[in-house]
Amino acid sequence: MSLKPIALALLTGALTFAAAGLVIAQSPAPTPAAPPAPQAFKPSLGDLMTMTIQPRHTKLGLAGQEKNWTYAAYALHELEESFEGAAAVWPVYGKTNVAELMEATTKEPMEAVAAAIKSGNAAGFGEAYARLTATCNACHQATERGFIVIQAPRGTPFPDQDFRPQKP
Ligand code: HEC
């Protein structure tokens, strides 16, 4: 009997063994149970009001009081984006179509505020800002939140920010 077939058989066996070893080496270690997928953060409408809309409304008011029209224009734009953001997260809230109601109530006074800022009209700003503030409260009343009463800021809650116009 020739030794060749035996040698071949051994070689094949060795290769198979090596291949099996390779497979074992490559197969990933048993993974522990995957951690739960992170939950997307969905702030409540009250959160968004407190985090974005309220401070921007405040800053807009403070800028207007200081006749800082450059910053007021910026704050108005930020407030507009805050309204859009809240409506995007909560297009409908309870029985209220927030997106529609926001658009319907805030659009006109926001435009009036923008016009006053553009013309640097302090009295016009005060009047338009008061109407904008009234729409905050009108919506709160319409959504059974009439106890949330917004007013023009009295003093600043932002001690680290200067709202006065900057000299160029
Ligand atoms: C389209 C309707 C709507 C408009 C417009 C609106 N709000 Fe609201 N707001 C709500 C609703 C509804 C809640 C209550 C949300 C809740 O209870 O989760 C609320 C809650 C709030 C709260 C939270 C109250 C608290 O003390 O925690 C603040 C602050 C607030 N709004 C400020 C404003 C300001 C400032 C404006 C205007 C610049 C405004 N809102 C305009 C509907 C509106």
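Read the figures in this text as sums done on the coordinates, not as results from a lab. Remember, it's a predicted structure, so these values are computed and weren't measured experimentally. No Cβ is skipped: glycine too gets one built from the backbone with ideal geometry, and neighbour counts run over all protein chains shown.
Worth pointing out:
- Note on GLU80 and THR31: the model spin-label points, each 7 Å out from Cα along the C-beta direction, lie 4.6 nm apart.
- Extension gain, ARG164-LYS107: 0.36 nm per intervening residue step, less the Cα-Cα distance, totals 17.9 nm.
- Linear extension gain, PHE41 paired with ARG145, 0.36 nm per residue minus alpha-carbon span: 35.0 nm
- Annotation for segment 58-146: GluC sites (Glu not before Pro) lying in DSSP loop with at most 10 further Cβ atoms inside 10 Å of their Cβ are GLU144.
- Point-charge dipole on Cβ atoms (K/R +1, D/E -1) for segment 87-148, about Cα centre, debye to 20: 80 debye
- Whichever lysines have a C-alpha closer than 28 Å to that of LYS95, once near sequence neighbours (fewer than 8 apart) are set aside: LYS42, LYS107
- Within segment 99-165, the trypsin sites (Lys or Arg not before Pro) that combine a DSSP coil assignment with at most 10 other C-beta atoms in a 10 angstrom radius are ARG154.
- With Cα atoms as the point set, segment 45-142 shows a radius of gyration and Dmax of 13.0, 40 Å.
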